[in-house]
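Chemist: If you scroll down you'll find the structure; I have some questions about it.
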Amino acid sequence: MKKKVIFLDLDDTLCDSEGAYRLALKPCFEYLKSIYKKKISQATFVREYFKAREQIHHEQGNRASSHDRFLYFQQMFENLDVQLKPVWLNKIAKTYWQSTNKNLKIFPGVIETLEFIKRNGLKICIVSDLLTTVQLIKIKDLKIEKYIDYVVTSEEVGVEKPDKRVFIEALKKCKVKPAEVIMVGNSCTRDIAGAKGMKIETVHFGKENCPMADHHIKKFDDLIKIIEEEPFDSEDFAQDLREEGYIKFNYKWIDKATLSGKDVKELNSYRQKLYKMKFIGKVDRTTGYGNVSQRKKGKQFIITGSKTGLINKLAAKDYSLVKNYDFKKNSLTCEGKTVASSETLSHAIIYELSKQTNAIIHIHNKNLWKKLLNKVPTTSKTATYGTIDMTNEIKRLFKQTRLKDEKILTMAGHPDGIIVFGRDLCEAFSVLMKYYNLSK
């Protein structure tokens, strides 16, 4: 079953919380010295802090309150016979969290991975122990709010991981089944064992050995490789492509090695960027999506070949030179070691109507498509890809909308399909990234 949501633990999975917690003890020690009548060393302070923490853990059990630093310091004050002034307790607890959040360091590769997850239309749910307010402040200070769709904490559930009720609440909130989720965490006992108990696929992150995990990663961005194994796009989209087929136009193909590496160097560079970002790629082993083209001379242009979305890195043989085309007959002539892309005539009509255009990018992205549909120039839902109807629709958009200036269109009849264009590949790519960044 296709994955829809990634469950992520927060502390010591996305960021070095333990390191920040240790650093927070120093300013707390300095504050205690200023109010404590007796002399106390930093070593003694640290020892007393962890002693108080263990007492609270024992008293509170498997509840979020077992992580409440206010309770730790209250217990510590009682142990040291420090007067329990609310202002002192509030101050030392506030000092602790201010220092912690200041020193939180996000792990390498986390931002890139979160962006990858969102680009692929997956939701992200933080599944964490501790207090809700504390975790929301961490998310804000780590500057990852825009990536997070849901947050579930042990405080709202009433118990901590690995209790299955935490995971049940997360599944309920995200409206998904266990088979539609991947859980990522650093704790074998809390994150992995808890998720496995709910039959959720698991990824263990860190140096600790965790044999029960389905996957193990030592670098956070290795998660990308695991997610890539899952189908990127919806099954409906895959089925649409299979039912419609690929090539819909009539063509004359001259099987000849016409293009060199130099001819496609710039195209290949941008195509590789798009492939890495999953704007171009494959739905499954037989179905690819997305294409790029570049004007060569007059009406001629170079375009990626049919089904090349299935290929990671392209060579000159994977491109085709379009020599001429006829919209009325829905036909074209192409030359190279592969047949031109199924969207070739959509590229051709744009080159025909916009003489300033020298590069076109056709990508697929479910989230971006949904956000832009009917907000930027959009083709009719009745016009499917690679047809005369589609070229006529693009022609209509040039006449009736600001397509020429906006340089972007969505294809209502081609789910997730978006086309951008520009004076060169740099401008076309910039148009795409502008709208993509605005949609986050």
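Chemist: For residues in segment 183-194 being over 20 Å from the mean Cα position of the chain (by Cα) and either among the basic types (Lys, Arg) or within 20 Å of residue 131 (Cα to Cα) (or both), which is surrounded by the fewest Cβ atoms within 10 Å (Cβ to Cβ)? Please lay out each step first, then the result.
Modeler: Step one: of segment 183-194, the residues over 20 Å from the mean Cα position of the chain (by Cα) are 187-194.
So of that shortlist, the ones also either among the basic types (Lys, Arg) or within 20 Å of residue 131 (Cα to Cα) (or both) come out as 187, 189-191, 194.
On the way: 187: 21, 189: 13, 190: 20, 191: 29, 194: 25.
Looking at residues that are over 20 Å from the mean Cα position of the chain (by Cα) and either among the basic types (Lys, Arg) or within 20 Å of residue 131 (Cα to Cα) (or both), I get 189.
Chemist: Could you tell me how many of the residues in segment 324-341 are under 21 Å from residue 257 (Cα atoms) and of a type in the set (S, T, N, Q)?
Modeler: Qualifying residue count for the region: 4.
Chemist: Among the residues of segment 331-350, write down those that are out of contact with any strand residue (DSSP E or B) (no Cβ under 6 Å at 6 or more places or on another chain) and not aliphatic (A, V, I, L, M).
Modeler: Kept after step one, since they are out of contact with any strand residue (DSSP E or B) (no Cβ under 6 Å at 6 or more places or on another chain), are these residues of segment 331-350: 337, 342, 345-346, 349.
Result: 337, 342, 346.
Chemist: Suppose we filter 301, 279 for residues that are surrounded by 14 or more Cβ atoms within 10 Å (Cβ to Cβ), within 22 Å of the chain's Cα centre (by Cα) and aromatic (Phe, Trp, Tyr); which single one remains? Please lay out each step first, then the result.
Modeler: Details: 301 fails: within 22 Å of the chain's Cα centre (by Cα).
Checking each option against the conditions leaves just 279.
Chemist: Restricting the search to segment 306-322, which residues are buried (at least 18 other Cβ atoms within 10 Å of the Cβ) and over 28 Å from the mean Cα position of the chain (by Cα)?
Modeler: From segment 306-322, those buried (at least 18 other Cβ atoms within 10 Å of the Cβ) are 306-309, 314, 316, 318-322; that's our starting set.
Those that are buried (at least 18 other Cβ atoms within 10 Å of the Cβ) and over 28 Å from the mean Cα position of the chain (by Cα): 316, 318, 319, 320, 321, 322.
Chemist: Take segment 171-193 and flag every residue that is over 12 Å from residue 9 (Cα atoms) and not in a loop (DSSP other than H, G, I, E, B). Lay out the reasoning, then the answer.
Modeler: If we filter segment 171-193 for residues that are over 12 Å from residue 9 (Cα atoms), which is where we start, we get 171-181, 189, 193.
Across segment 171-193, the qualifying residues are 171, 172, 173, 174, 178, 179, 180, 181, 189, 193.
Chemist: To continue, here is another question. Considering 23, 89, which residue is modelled with pLDDT of 95 or more, hydrophobic (A, V, I, L, M, F, W, C) and not assigned by TED's automatic domain parsing to the domain that holds residue 180? Spell out how you get there, then give the answer.
Modeler: Details: 89 fails: modelled with pLDDT of 95 or more.
The match here is 23.
Chemist: Does segment 337-362 hold any residues that are modelled with pLDDT of 95 or more, of a type in the set (Gly, Ala, Ser) and either more than 35 Å from the chain's Cα centre (by Cα) or assigned to a strand (DSSP E or B) (or both), and which are they?
Modeler: Across segment 337-362, the qualifying residue is only 359.
Chemist: Taking the criterion of being of a type in the set (Val, Ile, Thr), at pLDDT 90 or above and over 41 Å from the mean Cα position of the chain (by Cα), would at least one residue in segment 49-62 satisfy it? Lay out the reasoning, then the answer.
Modeler: Keep residues of segment 49-62 that are of a type in the set (Val, Ile, Thr), which gives 56.
From what is left, the residues that are at pLDDT 90 or above are 56.
Still in the list and also over 41 Å from the mean Cα position of the chain (by Cα): none.
Within segment 49-62 (the criterion being of a type in the set (Val, Ile, Thr), at pLDDT 90 or above and over 41 Å from the mean Cα position of the chain (by Cα)), the answer is no, since none of the residues qualifies.
Chemist: Could you tell me whether residue 302 is of a type in the set (A, V, I, L, M), more than 27 Å from residue 228 (Cβ to Cβ) and part of a helix (DSSP H, G or I)? Let's see the steps before the verdict.
Modeler: Values: of a type in the set (A, V, I, L, M): yes; more than 27 Å from residue 228 (Cβ to Cβ): yes; part of a helix (DSSP H, G or I): no.
When the stated conditions are applied, residue 302 does not pass them.
Chemist: Looking only at residues in segment 130-160 that are closer than 21 Å to residue 176 by Cβ and of a type in the set (Asp, Glu), which one is farthest from the chain's Cα centre (by Cα)?
Modeler: Ranking the qualifying residues of segment 130-160, first place goes to 156.
Chemist: So how many residues does segment 397-430 have that are part of a helix (DSSP H, G or I) and in contact with a Pro (Cβ under 9 Å, 6 or more places away or on another chain)? Steps first, answer last, please.
Modeler: Taking segment 397-430 as the starting set, the residues that turn out to be part of a helix (DSSP H, G or I) are 397-400, 403-406, 425-430.
In the following step, the residues that additionally are in contact with a Pro (Cβ under 9 Å, 6 or more places away or on another chain) were identified as 397-398, 400, 403, 406.
Adding up the residues that qualify gives 5.
Chemist: Looking for something farther than 24 Å from residue 433 by Cβ, among the charged types (D, E, K, R) and either touching an Asp or Glu at 6+ places or on another chain (Cβ under 9 Å) or not assigned by TED's automatic domain parsing to the domain that holds residue 120 (or both) - is there at least one such residue anywhere in segment 272-280?
Modeler: Step one: of segment 272-280, the residues farther than 24 Å from residue 433 by Cβ are none.
Looking through segment 272-280, none of the residues is farther than 24 Å from residue 433 by Cβ, among the charged types (D, E, K, R) and either touching an Asp or Glu at 6+ places or on another chain (Cβ under 9 Å) or not assigned by TED's automatic domain parsing to the domain that holds residue 120 (or both).
Chemist: Identify, please: which residue in segment 1-13 is under 14 Å from the mean Cα position of the chain (by Cα) and assigned to a loop (DSSP other than H, G, I, E, B) and is, among those, surrounded by the most Cβ atoms within 10 Å (Cβ to Cβ)? If you could, list the steps in order and put the result at the bottom.
Modeler: The initial filter retains those residues of segment 1-13 that are under 14 Å from the mean Cα position of the chain (by Cα), namely 3-8.
From what's left, assigned to a loop (DSSP other than H, G, I, E, B): 3-4.
Working: 3: 20, 4: 18.
Step by step, filter segment 1-13, then rank; the result is 3.
Chemist: State whether the residues of segment 233-255 include one that is at pLDDT 90 or above and in a helix (DSSP H, G or I).
Modeler: Within segment 233-255, none of the residues are at pLDDT 90 or above and in a helix (DSSP H, G or I).
Chemist: Additional query: Residue 356: assigned by TED's automatic domain parsing to the domain that holds residue 424 and in contact with an Asp or Glu (Cβ under 8 Å, 6 or more places away or on another chain), yes or no?
Modeler: Details: assigned by TED's automatic domain parsing to the domain that holds residue 424: yes; in contact with an Asp or Glu (Cβ under 8 Å, 6 or more places away or on another chain): no.
Taking the combined requirement at face value, the residue does not satisfy it.
Chemist: Do you know which residues across segment 161-182 are crowded, with 17+ Cβ neighbours inside 10 Å and under 14 Å from residue 150 (Cα atoms)?
Modeler: The answer is 166, 167, 169, 170, 171, 174, 176, 181.
Chemist: Let me ask something else. Hey, can you tell me all the residues within segment 350-397 that are crowded, with 17+ Cβ neighbours inside 10 Å and charged (D, E, K, R)?
Modeler: 352, 366, 393
Chemist: Restricting the search to segment 27-48, which residues are in a helix (DSSP H, G or I) and in contact (Cβ under 8 Å) with a residue 40 or more places away in the chain? Give the derivation first.
Modeler: Within segment 27-48, the first condition is being in a helix (DSSP H, G or I), and the residues that meet it are 27-35, 42-48.
Listed by number, the residues that qualify are 27, 28, 31, 32, 35.
The values are calculated or read from the model by the stated rules, or taken from the named source; none is laboratory data. Note that the structure is a prediction, hence the values are computed from the model and not measured. Backbone-built Cβ (ideal geometry, glycine too); neighbour counts: all protein chains shown.
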